[in-house]
Amino acid sequence: MSSTPVPPVPVAYPTDDEKNMAMLSYILSIFSGWLAPLVIWLIKRDSKFVSFHSLQILFWHCIYLVLTMIAMMFFMVGMISSVAAGAHNRTAGPPPAFFLFMPMFVMIFWGGWLINMIVGVIYAIKAKNGEWSRLVFVGRLARRAAGLSPD
C-alpha cells in the first residue's frame, strides 16, 4: 500500500452572497466579539468560503479572549497582593501597584481591541474580494476545521 498524496479538492470561486457573509463575520466581530462569527458559521457552514472565514475570526477571538483573561488575572493578583501588603497602613492612599497594573491592563485591553479592529477591517476587505487569506496563528487550523487542505 503506497501513500500517494491526495490532491486538494478544488474549491469554486465564492459567490457574492458568500463574500458578503464572510465580510460580515469580520466586521460584526469587531462589535460583537465571537458571537457574530459563531452565528454566521452555524448558518452558512455548508459554504467552504464562509466557513473558513467565520472559523478563522472565531478562533482569533478565542485567542484574544484567553489573552484578555490572563491579563485580567495578573491585574487582579497584583491588586490583591498590593492591597494585602498595605492593609496595615490605613492612612495610605491607593496602593502603588494600582498605578503600575491599571495602565498596563488598560493598554493591553485597548491595544488588543485596536489590533482586533485592524484585523477585522483588513480581512473583511480581503474576504469581500474573494481571497482565501489566512490569519497568522489560526489560518491553518481554520482551513482544517472547514474541511480544506491545510496549505
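Throughout, read-outs are computed from the coordinates displayed, never taken from laboratory work. Keep in mind it's a predicted model, so treat the numbers as computed, not measured. Please note: Cβ atoms are built from the backbone with ideal geometry, for glycine as well, and neighbour counts cover all protein chains shown.
Suppose we take every Cα in the stretch 7-84 and form the convex hull; what volume per residue is that in Å³? Write down the numbers at each step before the final one.
On the way: hull volume 7.5 nm³, N = 78.
It comes to 96 Å³ per residue, whole-number rounded.
Which ³J(HN,Hα) values, rounded to whole Hz and listed in residue order, are derived for the stretch 66-82 from phi using the Karplus coefficients 6.51, -1.76 and 1.60 in 6.51 cos²θ - 1.76 cosθ + 1.60 with θ = phi - 60°, glycine and proline given as x?
Those phi angles translate into 5, 5, 5, 5, 5, 4, 5, 5, 4, 4, 5, 4, x, 5, 5, 5, 6 Hz.
Please rank 51, 32, fewest neighbouring Cβ atoms within 10 Å first, as an exposure proxy.
Fewest-to-most ranking of 51, 32: 32, 51.
Enumerate the whole-percent occupancy of each 5 Å bin, from 0 to the last occupied one, for all C-alpha pair distances of the stretch 102-151.
Spelled out per bin, shortest first, that is 4, 18, 18, 20, 16, 11, 8, 4, 1.
Round to a whole angstrom and tell me the spacing of the C-alpha centers of the stretch 103-145 and the stretch 25-44.
Spelled out, the Cα-based centre of one part sits 13 Å from the other.
With 10 angstrom as the radius, rank 53, 61 by how many other C-beta atoms surround their C-beta, starting from the fewest.
Numbers: 53 35, 61 21.
Starting with the residue having the fewest Cβ neighbours, the order is 61, 53.
Ranked highest first by average number of other Cβ atoms within 10 Å, how do 116-123, 104-111 line up?
On the way: 116-123: 16.5, 104-111: 13.1.
By packing density, highest mean first, the sequence is 116-123, 104-111.
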